[in-house]
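Okay, structure first, notes after.
A short reminder: the numbers here are calculations on the coordinates, not readings from a lab. All values derive from a computational prediction rather than experimental measurement. Cβ placement follows ideal geometry from the backbone for every residue including glycine, while neighbour counts extend to all protein chains displayed.
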Amino acid sequence: MSTPELIYKITTAAAFASARNEGHFVGMPIDAADGYMHFSTAGQLRETLRLHFAGHSGLLLLAVKTADLGERLVWEPSRGGELFPHLYGGPLDVADILWEEQISVAADGSCRLPAGVK
């Protein structure tokens with residue numbers, strides 16, 4: 001597997017709101033419960049949105065350069081044995097976020113992804 005340039009974090013706007021002032025993002029409740037921050041690659045993003053965020057609005061998609069995360073980024077088997085990017089060792093620095101875009105997911109799990117997803 002070649003490492004993609006970008007990975008993506010899906011969050012609610014409410015969960016991310018304080019990160020702008022604090023300079024770091026601690027993630028969603030599932031991230032705290034699992035002990036690492038969940039990310040998806042561009043190829044995994046649609047299925048993650050369909051399975052976990054169907055019918056949700058007020059979401060943000062955060063794009064992060066994999067190279068900026070160093071050894072804290074670990075690729076581990078998840079859904080169907082596919083390797084997913086997980087961030088260990090504390091919060092995500094807001095400075096590591098390349099861009100953010102608002103998204104909504106329809107009840108059937110479909111979503112129009114931003115043009116920057118690659």
Could you tell me whether any residue of the range 37-50 is touching a Leu at 6+ places or on another chain (Cβ under 6 Å) and not aromatic (Phe, Trp, Tyr)? yes
Identify the residue in the range 67-89 that is touching a residue at least 24 places away in the same chain (Cβ under 8 Å) and out of contact with any strand residue (DSSP E or B) (no Cβ under 7 Å at 6 or more places or on another chain) and, among all such residues, is nearest to Gly27 (Cα to Cα). Asp68
Being assigned to a loop (DSSP other than H, G, I, E, B) and farther than 22 Å from Ala13 by Cβ is true for just one of Gly55, Gly80, Gly89, Gly43. Which residue is that? Gly89
Mind checking which pairs have a first residue in the range 19-32 that is part of a helix (DSSP H, G or I) and a second that is aromatic (Phe, Trp, Tyr), Cβ under 8 Å, 6 or more apart or different chains? Ala19/Phe25
Please tell me if Gly116 is touching a residue at least 24 places away in the same chain (Cβ under 8 Å), of a type outside the set (Val, Ile, Thr) and surrounded by 15 or more Cβ atoms within 10 Å (Cβ to Cβ). no
When you go through Val64, Val105 one by one, which is the residue that is in contact (Cβ under 8 Å) with a residue 40 or more places away in the chain, assigned to a loop (DSSP other than H, G, I, E, B), touching a strand residue (DSSP E or B) at 6+ places or on another chain (Cβ under 9 Å) and surrounded by 13 or more Cβ atoms within 10 Å (Cβ to Cβ)? Val105
For the range 9-46: of the residues being in contact with a Phe, Trp or Tyr (Cβ under 6 Å, 6 or more places away or on another chain) and hydroxyl-bearing (Ser, Thr, Tyr), which is surrounded by the most Cβ atoms within 10 Å (Cβ to Cβ)? Ser40
